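Below is one structure, written out as structure tokens; comments come after it.
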Amino acid sequence: MGANCTIDSAYMKTGMKLARPAVSARGDVVAPSGAVLTTPLINAIMDANILSLCVVDDPALNLPPESRLDDDLLSDGSGSSAVIATPDAWIGESRRVMTAVIREKELDLGTVRGLGNYCSDRVKTGPIFSALMMNDPTANYIHQHTFNSSLLSVAVGEAMGLPPAEVAELFAAAFLHDIGMPQVPEHMWVHQKGLTNMFRAEIEKHVEMGYRTIERLHGDTNPLWAAAARDHHERMDGSGYPDKKPAQRLPVPIRIISVCDAYAAMIAPRAYRPPIPPDRAMKEIIARQNQFDRQIIGRLVQRVGIYPVGCQVKLSDGVTGAVVENHPADPLHPVIEAVKSGRTQKIDLAKEKGLAVAEIIVEGKSPSENLP
Ligand SMILES: [Fe+2]
């Protein structure tokens, strides 16, 4: 018997043997583990919109490389992880899952795993910052913010060497951390030009609403999820809310979510202000070392950079270019690719004395759209 592999269901063939059950995003088992694919079974799997399958790998199947998907980071062996293939699908599924959490008190854990797998894949396969969602007109602020803070949390958790099971729980906690926000009247956080004290007090209630929402969920839950919803605005120096908890009462996953939530919120455009450039946002986080865990800030800088890969920048000599590489030990001096004298050149600012990044060019576009 061969090893198992996860494949795109578009490459199903008759004769393939399932190594895990084929389960829809709703949790319906369409075909059990050990089933051999037949044409009717393939049709049933397609009808159930199951996008990936774990099958017994057999060289005789001649599977092309593009059919193979990474193993599920969040798999617990139940095979119930949904596959999310695009940012649009992520947003759509995220909206559906969050609505069910709030209205029906149910969490579609299979889809949450799929959402986490998507983030993990993006973290592994390209520059982190370029994977973030910025001002996607199809998604509202909450869903984009949830994506960005979840993806950053996964990146930091992995950079800290957390085992996959802990990263999976960290993702779920980050995914649910602002579940209270959609329950705050939308006009308070969407169109508000600066927060009045009254609106701020109303918005701050989202942490308690989120905590209660997760506590009411049916089925198995991890206490970390509710704690993250309640405590992600707490700060290490006791200056946060709602309870001014000090550092020793804030476990590492919540510290990670706090940092990533704050950075993600700053770099997002809002109705009342443009996005804060990522270098300014990161410097602001670094300046708040009393509020955030320093080791976690260091991991975020390591994974994202101060001048993230993919951003367009203007240098101190007026030349513009794109950040193509960061030096982890010297994040203020990245490598820039720019056209100079009609030629594309790489400029390593760590080696160029007197040359520096003057600013990141945002200009209303998302930095991810500024990719070379
Ligand atoms: Fe929040």
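Read-outs throughout are calculated quantities, based only on the coordinates presented, and are distinct from any laboratory measurement. Please read these numbers as outputs of a predicted model, since none were measured by experiment. Heads up, the Cβs are rebuilt from the backbone with ideal geometry, glycines too, and the neighbour counts pull from every protein chain shown.
Before moving on, here are some points about what is shown:
- Of the peptides 307-316, 38-47, the ranking by mean beta-carbon count within 10 Å, highest at the top, reads 307-316, 38-47.
- Estimated FRET transfer efficiency (Lys244, Arg212; beta-carbon r; R0 25 Å; 0.05): 0.80
- Intensity falloff of the chain expressed as log10 I(q)/I(0), Debye formula with alpha-carbon point scatterers, at q = 0.10 Å⁻¹: -0.69
- Take every pair of alpha-carbon atoms less than 8 Å apart whose residues are at least six positions apart; their mean separation over the length of region 87-304 yields a relative contact order of 21 percent.
- With bins 10 Å wide beginning at 0, the percent of Cα pairs of region 87-304 falling in each bin runs 8, 36, 41, 14, 0.
- In this structure the amide hydrogen of Ala356, modeled in the peptide plane, comes within under 5 Å of the amide hydrogens of Ser316, Asp317, none closer than 5 places in sequence on its chain.
- Sorted peptide list for 252-260, 177-185, 354-362, criterion being average Cβ within 10 angstrom, highest first: 252-260, 177-185, 354-362
- For Cys311, the amide hydrogen comes within under 5 Å of the amide hydrogens of Val323, counting only partners 5 or more places away or on other chains and with H modelled in the peptide plane.
- Cα coordinate range in region 288-328, projected on the principal axes (Å, largest first): 36, 17, 13
- Derived scalar couplings ³J(HN,Hα) [region 106-122; Karplus, 6.51 cos²θ - 1.76 cosθ + 1.60; whole Hz; x for Gly, Pro]: 10, 10, 7, 5, x, 6, 4, 4, x, 5, x, 4, 4, 4, 4, 5, 5
- Simple label model, 7 Å out from Cα along Cβ direction - Ala358 to Val319, nm: 1.4 nm
- Interchain or long-range residues, amide H under 5 Å from Val30's placed H: Ala22, Val23, Ser24
- The chain: angle of helix 206-215 to the longest principal axis, Cα-based, in degrees nearest 10: 20 degrees
- In a fully extended conformation the segment linking Thr221 and Lys283 would gain 18.7 nm over its present Cα-Cα distance, using 0.36 nm per residue.
- The phi torsions of region 232-237, fed into the Karplus equation with coefficients 6.51, -1.76 and 1.60 and a -60° offset, translate into couplings of 6, 9, 6, 10, 4, 8 Hz, rounded to whole numbers, with Gly and Pro shown as x.
- Residue by residue, region 270-277 carries 3J(HN,Hα) couplings of 10, 4, 9, 7, x, x, 7, x Hz when phi is fed to the Karplus relation 6.51 cos²θ - 1.76 cosθ + 1.60 (θ = phi - 60°); x denotes Gly or Pro.
- If you take the Cα centroid of region 294-361 and the Cα centroid of region 189-265, the two points sit 33 Å apart.
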